[in-house]
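As structure tokens, the structure follows; a few thoughts come after it.
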């Protein structure tokens, strides 16, 4: 198993540290060629518009779409990564998403950086509640019929799964918690 982490922009280093603590081999993905040797891919938090332009300009977005469609790897998107996976994105300056996960996401729905917060959440399939960070978080406003909601905050989905795709609006990597990464690696 080799986990790729999109490493053009965002908090990819934090994901790498979590995987390293789990003794999981990871690779910083910066080119289409890097995608060819990974079994799993993490799309980290960061600026979704910048990441979208990178995916489009390098051809990495098309490669991810192809690999997800043929089932050859699993993908986990956190925050901006969840935005990139979505079929539809709303809000100001919505980026071009990959359109893979049957959800609608509202960009920066919880407000500005100053309105970021931490919360204790319960996740289906994980025994203990986790304390996670919501940083300029998106909000999942609609889920398709084939999407499983694994966690909610104030009634809104915050962690969803469809096939071999996992998307969360929060950052478990900021607190170096391994539980969600473990769930992802089992996909």
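Structure summary
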item	result
Order of 87, 66, 23, 139 under a 10 Å beta carbon neighbour criterion, fewest first	23, 66, 87, 139
Antiparallel DSSP beta bridges within the chain, as percent of all bridges there, nearest 5	50
Order of 186, 25 - criterion: other Cβ atoms within 10 Å of each residue's Cβ, fewest first	186, 25
Spin-label pair residue 17/residue 96, simplified geometry with 7 Å Cα→Cβ offset, distance in nm	3.4
Per residue convex hull volume, Cα atoms of region 3-185, in Å³	100
Modelled FRET efficiency - R0 30 Å, residue 56 with residue 141, Cβ distances, 0.05 increments	0.80
Shape of region 115-181, Cα gyration tensor, a/c cut at 1.5	oblate
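Values quoted throughout were computed directly from the atomic coordinates according to the rules given, and no laboratory measurement underlies them. Computed from a predicted model, the values in this text were never measured in an experiment. All Cβ positions, glycine included, derive from the backbone under ideal geometry; neighbour counts span all protein chains shown.
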